[in-house]
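One structure is given below, encoded as structure tokens.
The values are calculated or read from the model by the stated rules, or taken from the named source; none is laboratory data. Keep in mind that what you see is a predicted model, and the values were worked out from it rather than measured. Positions of Cβ are generated from backbone atoms using ideal geometry, with glycine treated the same way; all protein chains shown enter the neighbour counts. All accessible areas refer to the heavy atoms of the entire protein, side chains included, with ligands and DNA or RNA removed. Shrake-Rupley method; radii C 1.70, N 1.55, O 1.52, S 1.80 Å.
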Amino acid sequence: AVPRTRILATGGASHNKKILQVLSDVFNAPVFTIDTANSACLGSAYRAIHGLAAERNVSLADVVKLAPEPRLAVTPTPGAEEV
């Protein structure tokens, strides 16, 4: 089975439930958020760690295993995909 699409929203707009609901309805996918002050820096840090560990054949998936688990923020409004 093909996994369903999910959206991970970060940054200032991720605190606005109405914006998240629009994203969810447009893409017909649940939207998740993570509690972090600066997600761009967090992503960059994970990529840097991955780069340092690359010579040991460590995958990016292994690097981010300890990352905070995303929290479900909103789900698509029933029938929104028909609009």
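Do the conditions hold for Val74, that is, is it within 24 Å of Asp25 (Cβ to Cβ) and not charged (D, E, K, R)? Yes: the conditions hold for Val74. Do we have any residue at all in region 68-81 that's out of contact with any Gly (no Cβ under 8 Å at 6 or more places or on another chain) and over 20 Å from Arg4 (Cβ atoms)? The answer is yes, given that some residue of region 68-81 is out of contact with any Gly (no Cβ under 8 Å at 6 or more places or on another chain) and over 20 Å from Arg4 (Cβ atoms). Looking only at region 25-38, residues that are farther than 23 Å from Arg4 by Cα and surrounded by 14 or more Cβ atoms within 10 Å (Cβ to Cβ) come to 1 in all. Please give the number of the condition Ala73 fails out of (1) open to solvent by 80 Å² or more (accessible area, probe 1.4 Å); (2) in contact with a strand residue (DSSP E or B) (Cβ under 6 Å, 6 or more places away or on another chain). Answer for Ala73: the failing condition is (1). Of the residues making up region 3-10, none is surrounded by 14 or more Cβ atoms within 10 Å (Cβ to Cβ), under 23 Å from Val58 (Cβ atoms) and under 13 Å from the mean Cα position of the chain (by Cα).
Here is the figure for region 1-36: residues that are closer than 17 Å to Pro78 by Cα and not aliphatic (A, V, I, L, M) total 11. If the condition is being open to solvent by 70 Å² or more (accessible area, probe 1.4 Å) and either within 19 Å of Thr10 (Cβ to Cβ) or of a type in the set (D, E, K, R) (or both), then region 41-67 contributes Cys41, Ser44, Arg47, Ile49, Glu55, Arg56, Asp62, Lys65, Leu66.
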